[in-house]
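This report concerns only the one structure given below.
Computed from the coordinates by the stated procedures, all read-outs in this text should not be read as laboratory data. Here the structure is a predicted model, which means the values were calculated and not measured. Quick reminder, even Gly has a Cβ in these numbers, built from the backbone with ideal geometry, and neighbours come from all protein chains shown.
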Amino acid sequence: MNIAQMRERCPGITHIGRYKLDGFRLVFNYHADIIPAEGCAVHGALWSMTPSYETALDRYEGYPSYYGKYYDPDDVMFYRMQGASGNLKPPALWYLTDVIQGYKDFRLTQADFEESLGVQRLRLTQAVEQILGVPMDELERLFF
């Protein structure tokens, strides 16, 4: 989702806009993943893909062994970890910063990020610091 990273991986790629994937939530197993979660939604970004961009991203994401490819009902492709099952390991701070930069690049807010984590829906308010490995004031600082 991070524009600078996507342009580095796929020079010339263009972003289309924001996208909300219903029925999933954002989790971390050191790297970002999404898992099915009824009533939840993950905020993300849409990109104009070509076969060569998809090939480059597949290589970067470790497809098919690390991440698998899936499609939502709108035929939007997204990656999910193979065999991961939730919040197993918080991300490194540099990685979390890169993820949050992607949210900011698409004018998504901390509230959108927390919705992606399922904070309100799953009553995870007390667990956010454990999930992310940073205190809430650090999360707020990363968004501003």
Region 5-78: chymotrypsin sites (Phe, Trp or Tyr not before Pro) in DSSP coil with no more than 14 other Cβ atoms inside 10 Å: Y30, Y66
Report the longest stretch of the chain that contains none of the trypsin sites (Lys or Arg not before Pro) sitting in a DSSP loop with at most 13 other Cβ atoms within 10 Å. 1-106
Calculate, for R121 and S52, the FRET efficiency according to 1/(1 + (r/R0)^6) with r their C-beta to C-beta distance and R0 35 Å; round to the nearest 0.05. 0.40
Rounded to a whole number of µm²/s, how large is the Stokes-Einstein D of region 43-144 at 25 °C and 0.890 mPa s, given Rh as the Kirkwood radius over C-alpha pairs? 160
Sorting V134, V42 on the 10 Å Cβ count, fewest up front, what's the list? V134, V42
Estimated [θ] at 222 nm from DSSP helical runs (n ≥ 4, -39500 (n - 2.57)) normalised by residues in the chain, nearest 500: -10000 deg cm²/dmol
Rel. contact order, % - alpha carbon contacts under 8 angstrom, at least six apart, the chain: 28
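If you place +1 on the Cβ of every Lys and Arg, -1 on the Cβ of every Asp and Glu, and leave all else neutral, what size is the dipole of region 3-142 about its Cα centre, to the nearest 20 Debye?
100
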I need E8, E115 ordered by Cβ neighbour count within 10 Å, fewest first. E8, E115
Rounded to the nearest 0.05, FRET efficiency between M77 and F144 (Cβ-Cβ, R0 30 Å) equals 0.40
